[in-house]
Structure formats: structure tokens, C-alpha cells
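First comes the structure, then the notes that go with it.
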Amino acid sequence: LLAWIGQLPFTPRQASRLRQAARFAAAPLALLAARATLTAALEAYLGRRSAARVLAGPLRRDIGETIQAALLYADLRGFTALSENNSPAAVISALNTWFDRIAGSVHAFGGEVLKFIGDGMLAIFPLDQPDACANLLRAVSEARQAMTALNQRNHDIGRAPMNYGIGVHVGDVMYGNIGSRSRLDFTVIGPAVNMASRLE
């Protein structure tokens, strides 16, 4: 639906021309709106950098490149007990609170969350960004401060603290598509990812 605004009422001739322009503009505008919706959805699920890569590349498993990146792997401790002793709604609330702190810190310093893995998270800071390693360490520091504040509030209201581990590493990773013929995942893999996970 298009609306036209003018300083004076439109003449019949002007209104006719505007309706004709609207007919020609409708299809391109619909495509632009659909593209914007798709981009927003992909960015919400994949992150801005990875979403742009997915939109630009073919949907094949063998598409990827080796990049150098600083990696962050974070995970909650005691998640099994948390999930067994609380309602699903409380568990989801706790996970969202945890991810807000850790992912918020990653995004604040230019990193990208690639995936949430249960109660864990994998993020990257590609080394083509200036100060990628320093920014990763700043993100960890901010996340730790945020979790300290959260656990103080938990203590004040009688809740158990949320304990966690964070592992960081730097190295070459394959950045691209993996998966089955019918279901792809855009991620990073390689020994550097494994090391970050083991350190965590």
C-alpha cells in the first residue's frame, strides 16, 4: 500500500500518473521488502557477517575458506542439574540471561556469535579486523564482570550462582558450509576450534 502526500490536493491527471508509477514500483518494492526480511532473519540466526556470506554464496557443502580467527567457546557449568531441578520456562530464562551476558559482550567488541550449542556458545573474531585478539579479551573481561554482577543479584535473592567456563584460542579455521545434502550449517571447524573447546 502506497500513500502519497502533497502540499495541495492532486489533480486527476497527477493522481493517474501516481497510480501508474505505483503499478511499476510495486514489484521492485516487494522484492526489496522480501530481501530485507530475509536478511534480517538470517542476521538474527547467523550473525551479520555470516548472513552476508550465506546470501552471497551458493548453497553447497563444499563452499568455504580458511581464515585466521580468534575463537571463544563458553559453556555453563552444572546445566544438567539446572535443567532437572527447574521448570522449562525457568531453564529458558536462565539460558537467555546467560547468553545476554556472554553474547552481548562478544557483539559489543566486534565479534560474531556463530552458534548456541545447548548451554554453550561459539564466537569468532576474524583476524582481518584490527585488534581482533585484544577485542576478544575485552569481551571476556566484560562478560566476567556482567556475570559477577548477575551472580551477586542471584546471591541476594537466594538463587544459586551461574558458574561457567570460557576457552579462547587463535588459529586457522575452515569458515563455511557443512552438513547433509538437505540441511546445511554455516560454521567454523578445525583444530583451533577443538582447542578452544578443550580449554573451556
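Remarks
- Per-residue HN-Hα couplings for region 118-129 [Karplus 6.51, -1.76, 1.60; θ = phi - 60°; Hz; x = Gly/Pro]: x, 9, x, 8, 10, 10, 10, 10, x, 6, 6, 8
- Other residues whose C-beta falls under 11 angstrom from the C-beta of PHE125 contribute a net charge of -1, scoring Lys and Arg +1 and Asp and Glu -1.
- In a simple Cβ point-charge model (Lys, Arg +1; Asp, Glu -1; nothing else charged), the chain has a dipole of about 1060 debye relative to its Cα centre.
- Computed over neighbours whose Cβ is under 14 Å from that of ILE102, the net charge equals -1, Lys and Arg +1, Asp and Glu -1.
- Ligands, DNA and RNA are left out, and with a 1.4 angstrom probe the accessible area of region 44-83 is 60 Å² per residue.
- Counting protein heavy atoms only, the chain has 58 percent of its accessible area on carbon and sulfur, 1.4 angstrom probe.
- Peptide packing for 75-84, 54-63 was compared via the average number of neighbouring C-beta atoms within 10 Å per residue; ordered from the highest value, the list is 75-84, 54-63.
- Per residue, region 119-188 exposes 54 Å² of solvent-accessible protein surface, assessed with a 1.4 angstrom probe and all protein chains in place.
- Under the criterion of Cα pairs below 8 Å and six or more residues apart, the relative contact order for the chain equals 27 percent.
- Cα lying deepest toward the dipole's positive end in the chain, options SER16, LEU127, VAL170, charges on Cβ: SER16
- Convex hull (Cα only) mean projected area of region 57-200, reported in nm² to one decimal: 9.6 nm²
- GLU112 accessible area, 1.4 Å probe, all protein chains in place, Å² to nearest 10: 10 Å²
- In terms of accessible area, using a 1.4 Å probe and ignoring ligands and nucleic acids, ILE157, ILE117, ILE67, ILE124 rank largest first as ILE157, ILE117, ILE67, ILE124.
- Given in Å, the Rg to one decimal and the Dmax to the nearest whole number for the Cα atoms of region 1-79 are 22.7, 72.
- For GLU142, the shell of other residues with beta-carbons less than 13 Å away shows a net charge of +2, using +1 for Lys and Arg and -1 for Asp and Glu.
- Taking all protein chains as they are arranged and a probe of 1.4 Å, the heavy atoms of SER141 leave approximately 50 Å² accessible to solvent.
The values are calculated or read from the model by the stated rules, or taken from the named source; none is laboratory data. Note that the coordinates shown come from a computational prediction; the quantities given were computed from them, not determined experimentally. Quick reminder, even Gly has a Cβ in these numbers, built from the backbone with ideal geometry, and neighbours come from all protein chains shown. Areas reflect the complete protein model, heavy atoms only, side chains present, ligands, DNA and RNA absent. Shrake-Rupley method; radii C 1.70, N 1.55, O 1.52, S 1.80 Å.
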